[in-house]
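Asks: Dropping the structure in here first, questions after.
The values are calculated or read from the model by the stated rules, or taken from the named source; none is laboratory data. These numbers come from a predicted model, not from an experiment. Every residue, glycine among them, receives a Cβ derived from its backbone with ideal geometry; neighbour counts consider all protein chains shown. Only protein heavy atoms, including side chains, enter the accessible area calculation; ligands, DNA and RNA are left aside. Shrake-Rupley method; radii C 1.70, N 1.55, O 1.52, S 1.80 Å.
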Amino acid sequence: MGEKPARESMAEALRVPSGKVDLSDYDPAATPTIEDSRKEGEKALAGMAEELLELQTRLFASKESTSPRQLLLVLQGMDTSGKGGVLKHTVGLMDPIGLKVTSFKAPSAEERAHDFLWRIEKAVPPAGFVGVFDRSHYEDVLIQRVRSFAPAQEIERRYGAINDFEKRLVDEGTVVLKCMLHISPEVQKERLQERLEDPTKHWKYNPGDLDERQLWAAYTEAYEIALERCNTDHAPWFIVPSDKKWFRNLAIAKLIEQTLTNLDLDWPVPEGLDLAAEKARLAADTITTESLT
């Protein structure tokens with residue numbers, strides 16, 4: 001019998017190929033590479049906590065090396081696609097001391113007075129950190145395109161500016177992991193209905209979400225253009241089917257795990273640290289509880 005073909009990784013399954021993007025080709029209810037049920041999927045996610053924590057700790061420790069690294073996770077998707085759920089259930093498995101989460105809202109007057117990337121630059125994760133953008137610089141080629149908040153010529157300029165910005169981040173040691181959380185309009189309607197029916201979710205309901213929903217076709221086109229124009233070798237896009245919350249959370253956990261594993265980070269020894277000398281000092285130490293009284 002011949003060897004079984006290697007199983008496709010989550011990154012291979014979800015990475016957007018180069019060329020034209022048509023979101024109708026992507027099933028938002030799919031569960032590629034995963035044959036588990038919801039219960040098994042949730043158990044698998046919980047079981048990844050220890051591995052993710054070790055990988056994150058290696059990343060955090062890299063800030064003490066001569067070649068520090070950092071990870072930027074970009075979460076972009078339609079309203080109710082689950083950006084908050086990913087933060088809670090997937091990113092929440094990691095140590096908050098090494099996380100920097102930024103939720104981008106409508107720009108302030110001060111932010112509008114600068115180039116659209118000005119506020120983004122300030123949120124880039126420092127050495128050793130996992131940074132998460134809950135919405136991102138892509139809002140400036142999505143909602144601004146759909147709502148005509150910026151001239152068409154300016155929107156066109158921004159695609160190139162985004163690619164240059166992400167290339168610079170990568171050249172400086174940041175890994176950029178961009179995930180588009182892909183849901184169907186039917187599931188979005190169900191989730192909006194849940195927010196209206198459940199008193200514990202009323203606070204999450206925003207009447208503006210229903211207004212934006214009426215522009216579904218326009219947003220779909222804007223996403224397709226952004227995914228096509230800003231899908232580069234240094235910062236590729238991944239389309240994550242998000243109709244099933246459990247799969248969405250597990251898929252992004254696997255993407256993070258694979259991304260950090262591929263960095264192949266060693267435990268660093270801080271520059272100038274003489275391990276032998278420090279071991280000798282500690283061995284010669286005679287302080288006891290008795291000597292402190």
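Asks: Which of P185, L99, L142 sits closest to the plus end of the dipole of segment 83-206, meaning its Cα is farthest towards the positive end, when Lys and Arg get +1 and Asp and Glu get -1 on the C-beta?
Replies: P185
Asks: Using the basic label-point model (7 angstrom from Cα toward the beta carbon), what is the D25 to L215 distance in nanometres?
Replies: It works out to 2.6 nm between the two label points.
Asks: Additional query: Given R₀ = 35 Å, FRET efficiency for R281-K100 by Cβ-Cβ distance, to 0.05?
Replies: 0.50
Asks: Still on this structure, please answer the following. At most 12 other Cβ atoms within 10 Å and a DSSP loop assignment: could you name the GluC sites (Glu not before Pro) in segment 243-289 that fit?
Replies: In loop regions of segment 243-289 (DSSP not H, G, I, E or B), the sparsely surrounded GluC sites (Glu not before Pro) are E271.
Asks: If packing is taken as the average count of other Cβ atoms within 10 Å, what order do 129-136, 281-288, 170-177 fall into, highest mean first?
Replies: Final packing ranking: 129-136, 170-177, 281-288.
Asks: Right, another one. Which whole-number value in Å² is the accessible area per residue of the chain, probe 1.4 Å?
Replies: Heavy-atom accessible area per residue stands at 55 Å².
Asks: What is the distance in Å between the Cα centres of segment 121-173 and segment 186-228?
Replies: Taking the Cα centre of segment 186-228 as reference, the centre of segment 121-173 is 22 Å away.
Asks: Rounding to the nearest 20 debye, state how big the charge dipole of the chain is about its Cα centre with +1 on each Lys and Arg Cβ and -1 on each Asp and Glu Cβ.
Replies: In debye, rounded to 20, the chain gives about 580.
Asks: Then there's this: Name the aspartates and glutamates eligible as straight-distance cross-link partners of K201: C-alpha to C-alpha under 15 Å, and not fewer than 8 places from it in the same chain.
Replies: Result set, ordered by chain and number: D79, E190, D209.
Asks: If I take R0 = 45 Å and measure r between the Cβ atoms of A152 and S67 in this structure, what FRET efficiency does the formula 1/(1 + (r/R0)^6) give, to the nearest 0.05?
Replies: That pair, A152 with S67, gives E of 0.60.
Asks: Helix-only estimate, please: 222 nm mean residue ellipticity of the chain, summing -39500 (n - 2.57) across DSSP H runs of length 4 or more and dividing by its residues, to the nearest 500.
Replies: On the way: 13 runs with 129 residues, N = 293.
Per the formula, -13000 deg cm²/dmol.
Asks: Continuing with this model, one more query. I need the calculated FRET efficiency for the pair E121 and T288, taking r as the beta carbon distance and R₀ as 45 Å, to the nearest 0.05.
Replies: Plugging the Cβ-Cβ distance into 1/(1 + (r/R0)^6) gives 0.30.
Asks: Continuing with this model, one more query. Residue-wise, which Karplus ³J(HN,Hα) couplings in Hz belong to segment 34-40, taking 6.51 cos²θ - 1.76 cosθ + 1.60, θ = phi - 60°, and x for glycine or proline?
Replies: 10, 10, 6, 7, 4, 4, 5
Asks: Could you sort K245, K122, K201 by their accessible area in this structure, using a 1.4 Å probe and putting the largest first?
Replies: If we order K245, K122, K201 from most to least accessible, we get K122, K245, K201.
Asks: Additional query: Looking at segment 83-116, which trypsin sites (Lys or Arg not before Pro) are in a loop (DSSP not H, G, I, E or B) and have at most 15 other Cβ atoms within 10 Å?
Replies: Counting only loop positions with at most 15 other Cβ atoms within 10 Å, the trypsin sites (Lys or Arg not before Pro) in segment 83-116 are K105.
Asks: Next question. Would you check the accessible area of S37, probe 1.4 Å, heavy atoms only, in square angstrom rounded to 10?
Replies: 60
Asks: Which of the residue pairs K83/K167; K88/K254; K100/K122; K178/K245; K83/K178; K204/K245 have a Cα-Cα distance greater than 20 Å in the structure shown?
Replies: Working: K83/K167 24 Å; K88/K254 15 Å; K100/K122 11 Å; K178/K245 18 Å; K83/K178 12 Å; K204/K245 17 Å.
As for pairs spanning more than 20 Å Cα to Cα, those are K83/K167.
Asks: Determine the share of the chain's accessible area contributed by carbon and sulfur atoms, expressed in whole percent, with a 1.4 angstrom probe.
Replies: Heavy-atom surface of the chain belonging to carbon and sulfur, 1.4 Å probe: 52 percent.
Asks: Taking H placed 1.01 Å from N in the peptide plane, check which residues at least 5 places from G131 or on another chain put their amide H under 5 Å from its amide H.
Replies: Here the answer is L71, L72, L73, K100, since their amide H atoms fall under 5 Å of that of G131.
Asks: First check a/c for segment 52-144, with a ≥ b ≥ c the square roots of the eigenvalues of its C-alpha gyration tensor; if it is under 1.5, answer rounded, and if not, answer prolate when a/b is larger than b/c or oblate otherwise.
Replies: Note, shape of segment 52-144 comes out oblate.
Asks: Shape verdict for the chain, please, from the Cα gyration tensor: rounded (a/c under 1.5), prolate (a/b greater than b/c) or oblate.
Replies: Since a/c reaches 1.5 and a/b is larger than b/c, the shape of the chain is classed as prolate.
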